[in-house]
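S.K.: Structure incoming, see below.
Every number here is computed from the coordinates shown, using simple stated rules; none is lab data. In this text, all values refer to a predicted model and were calculated from it rather than measured experimentally. Because the Cβ atoms are built from the backbone with ideal geometry, glycine has one as well, and the counts that use them run over all protein chains shown.
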Amino acid sequence: MSHSAASAPVRRSLLVTLLGWMVILGSAALSVISFFSFLMILAGSYGTQNTTLSGFLLIVVAPPASLVAGIGLLRRWRWAWVYLVAGLLLAIGWQVLEGMRPAKPAVTTTVLPSGVKSTVYHSGSSFSLPLTAVLGGVLVFALTPGVRREFWV
């Protein structure tokens with residue numbers, strides 16, 4: 001009995017499995033924060049008065065969705081690979097935009113119409129070159145033919 005190359009099972013990469021487990025563990029830890037943040041939003045807590053859609057998606061929705069995607073990476077589901085690549089592209093794009101943002105002065109003091117001085121301490125850009133390099137490395141790994149083959153057979 002002969003088997004064609006097309007019907008041969010694709011070898012499962014240990015690195016993809018490890019990546020899936022890392023996504024699961026990280027997302028599970030962050031999902032706890034998501035749960036309590038969601039409860040605070042539902043309760044109308046003072047800390048959530050300025051909730052934005054992007055903040056809601058990033059803090060409340062993304063960790064549980066990433067947990068499911070991590071399971072999808074272990075199961076080699078196509079949509080999980082797409083989710084991973086899209087998330088990496090968004091994160092890298094955000095890092096690049098943060099790196100291009102002009103620097104603000106560390107301290108800005110203004111006088112309000114009431115005569116009170118208001119001082120704002122700027123935290124600076126959240127750009128991280130090492131984080132961008134790691135994200136880029138994972139993206140390059142996810143786009144290699146061997147990894148794509150595991151999800152697109």
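S.K.: If you line up the long axis of helix 129-142 against the longest principal axis of the chain, both from Cα atoms, how many degrees apart are they, to the nearest 10?
M.R.: Helix 129-142 sits roughly 20 degrees off the main axis of the chain.
S.K.: Gain in length, residue 77 to residue 53, computed as 0.36 nm per residue apart minus the alpha-carbon separation, to one decimal in nm? Walk me through the numbers on the way to the answer.
M.R.: On the way: separation 24, 0.36 × 24 = 8.64 nm, distance 2.79 nm.
The span from residue 77 to residue 53 would gain 5.9 nm if fully extended.
S.K.: Using only the alpha-carbon atoms, how far is helix 78-100 inclined from the longest principal axis of the chain? Give it as 0 to 90 degrees, nearest 10.
M.R.: The answer is roughly 40 degrees.
S.K.: Once the principal axes of the Cα atoms of the chain are found, what is the range along each, listed largest first in whole angstroms?
M.R.: 90, 37, 20
S.K.: Simple spin-label model, 7 Å along Cα-to-Cβ: residue 109 to residue 94 in nm?
M.R.: The two pseudo-label positions are separated by 3.5 nm.
S.K.: Can I ask one more? Taking the dipole about the Cα centre of the range 14-151, with the C-beta of Lys and Arg at +1 and of Asp and Glu at -1, give me whichever of 83, 60, 144 is farthest to the positive side.
M.R.: Comparing the listed Cα positions along the dipole, 144 ranks first.
S.K.: Roughly speaking, what is the stretch gain from residue 15 to residue 121, that is 0.36 nm per residue apart minus the C-alpha to C-alpha distance, in nm to one decimal? Don't skip to the end; give the middle numbers.
M.R.: Values: separation 106, 0.36 × 106 = 38.16 nm, distance 4.24 nm.
This chain segment gains 33.9 nm when fully extended.
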